[in-house]
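Engineer: Got a structure for you, written out below as structure tokens; questions coming shortly.
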Amino acid sequence: MSEQREAVGVIGVGWVGLVTAVCFAELGHRVIARDIIPEKIESLSRGETTIHEPGLEELLRKNAERITFTTEMSILLDGARLLFVCVDTPPTYSGDADLSRVRSVVDDLPAGGGHALVMKSTVPAGTGNSIRRDLPDLAYVSCPEFLKEGTAVADFMHPDRVVVGADAGDEEAATAVAALYEPLGGEILRTDVASAEMIKLASNAFLATKISFINEIANVCEEVGADVSEVAAGMGLDQRIGSSFLRAGIGYGGSCFPKDVTALKMLAGNTGYHFQLLTAVIEVNELQKRRVVGKLEKHLGSLLGKRVALLGLAFKPDTDDMREASSLVLAARLQGEGAEVVAYDPVAAERAGELLGSVEMAGSALEALADADAAVLVTEWREFAELDWSDVAARMARPLIVDGRNFLDPGSLIDAGFTYEGIGRSIQAEPLKSAS
């Protein structure tokens, strides 16, 4: 591809920004990426990623000559016209999106200069209009990201759709943004700014709703003797429903779903509309994490002094992201019941250790499981499916496992001597005879 293409600017090289910068470089573009953290810039300039994302570091090193990492806004502004904003918008105490980082970027931009701000950060509907009022000479395009942690590079390079939102007067900038994505082959949806902003929030809220719905169905399945895996399979064959996000477990987490669901609920509330469905989605998700404690108590009685091993800590496999991870709530609840908690994660241990100071961090799954009264599978890392569970049963004080992701094979575990509890599964072994 031609090296004479116009440079692409990226502001904020966290997870979304770094994937965006590296993938545009892979497409042949020169990229100028700016962040305010010098240590991060130094690391990336050496070809070392600051996050765990499969395939990302390899692409970073492959395209190092195309990417300039800098802390200087002037270098970015001098070298690029299209500026992709990829800064965090975490929730505030009220649940609204914190736009302080977005505002900081806007404050650093000149009134003129012919730049176009391309908003990849997830912001409430109305943010674009507000920025345009502050900087009327600045072109503004909303281009929300739909990347999934663990498959972000593939998601960028093979998108389902690319949403490009622009209002009257900014069509030229929107066309330039759309042209960047055209080689990827996904459908490009051109719309207005407010609709583009809502598409991102509505998409994540709907997916979170599917997760909470199937978790509610799982809880009912446990009461009536049905198997939620079979139920979900039957539901998913209906093309109107589809099979994605119908996997029961201990709830969603991560950087997007909790934040975006709450942000949409607050956005609606700020207009005077009570979004009752999202209120229930959030409540179900919080309660789902706590149901594990009840499953353990069913078999062990009091958890006081019991040793419980948590397998996996990141909110999902193939990432080290601990934001809103179910393990955080579960560990706190178990400790609140007096349990001794030991945990292992193959990638997120360092980040998790900073958040779970009183939890014992094991160096391997076998170390975590040794002498444990129970194990809880929290994150479905592949290595857990490959364990010799007969050997594990011999190492544990009591071979009891709660499969929080319905990831393991119940029959194999029961054959290995385990008492097995899934989420909404009809396959369960008898409670331990030694339960107190």
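The values are calculated or read from the model by the stated rules, or taken from the named source; none is laboratory data. The shown structure was predicted, so the numbers you read here are calculated from the model rather than taken from an experiment. In this analysis, Cβ positions are derived from the backbone assuming ideal geometry, glycine residues included, and neighbour counts consider all displayed protein chains.
Engineer: If I ask for residues that are buried (at least 22 other Cβ atoms within 10 Å of the Cβ) and of a type in the set (Lys, Arg), which ones from the range 296-312 would you list?
Structural biologist: Across the range 296-312, the qualifying residue is only Lys306.
Engineer: Answer yes or no: is there a residue in the range 115-125 that is at pLDDT 95 or above and either among the basic types (Lys, Arg) or part of a helix (DSSP H, G or I) (or both).
Structural biologist: Yes.
Engineer: Identify, please: which residue in the range 253-281 is within 30 Å of Glu337 (Cα to Cα) and either free of Cβ contacts under 8 Å to residues at least 24 places away in the same chain or of a type in the set (Phe, Trp, Tyr) (or both) and is, among those, surrounded by the fewest Cβ atoms within 10 Å (Cβ to Cβ)?
Structural biologist: Checking each candidate, the answer is Thr279.
Residues are listed down the side, and each one gets a yes or a no for (1) closer than 18 Å to Lys259 by Cα; (2) in the same structural domain as Gly12 (by TED's automatic domain parsing):
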| site | (1), (2) |
| --- | --- |
| Pro124 | yes, yes |
| Met157 | no, yes |
| Gly169 | no, yes |
| Ser212 | yes, no |
| Glu230 | no, no |
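Engineer: Being surrounded by 23 or more Cβ atoms within 10 Å (Cβ to Cβ) and more than 17 Å from the chain's Cα centre (by Cα) is the requirement here; does Val284 meet it?
Structural biologist: Considered against the rule, which asks whether it is surrounded by 23 or more Cβ atoms within 10 Å (Cβ to Cβ) and more than 17 Å from the chain's Cα centre (by Cα), Val284 comes out as no.
Engineer: If you don't mind, there's one more thing I want to ask. In the range 3-92, which helices (runs of 4 or more DSSP H) lie fully inside it and hold 3 or more residues that are over 26 Å from the mean Cα position of the chain (by Cα)?
Structural biologist: The helices (runs of 4 or more DSSP H) meeting that bar are 73-79.
Engineer: Of the conditions (1) on the phi < 0 side of the Ramachandran plot; (2) surrounded by fewer than 18 Cβ atoms within 10 Å (Cβ to Cβ), Gly126 clears all except one; give me its number.
Structural biologist: Every condition holds for Gly126 apart from (1).
Engineer: Taking Leu180 and the conditions (1) surrounded by 17 or more Cβ atoms within 10 Å (Cβ to Cβ); (2) more than 26 Å from the chain's Cα centre (by Cα), which numbered condition does it fall short on, given that it satisfies the others?
Structural biologist: In the conditions (1) surrounded by 17 or more Cβ atoms within 10 Å (Cβ to Cβ); (2) more than 26 Å from the chain's Cα centre (by Cα), Leu180 misses (2) alone.
Engineer: Next up: Return the pair list, or none, for Cβ contacts closer than 9 Å from residues in the range 330-357 that are outside the structural domain of Tyr252 (by TED's automatic domain parsing) to residues that are surrounded by 22 or more Cβ atoms within 10 Å (Cβ to Cβ), at least 6 apart or on different chains.
Structural biologist: The qualifying pairs do not exist here.
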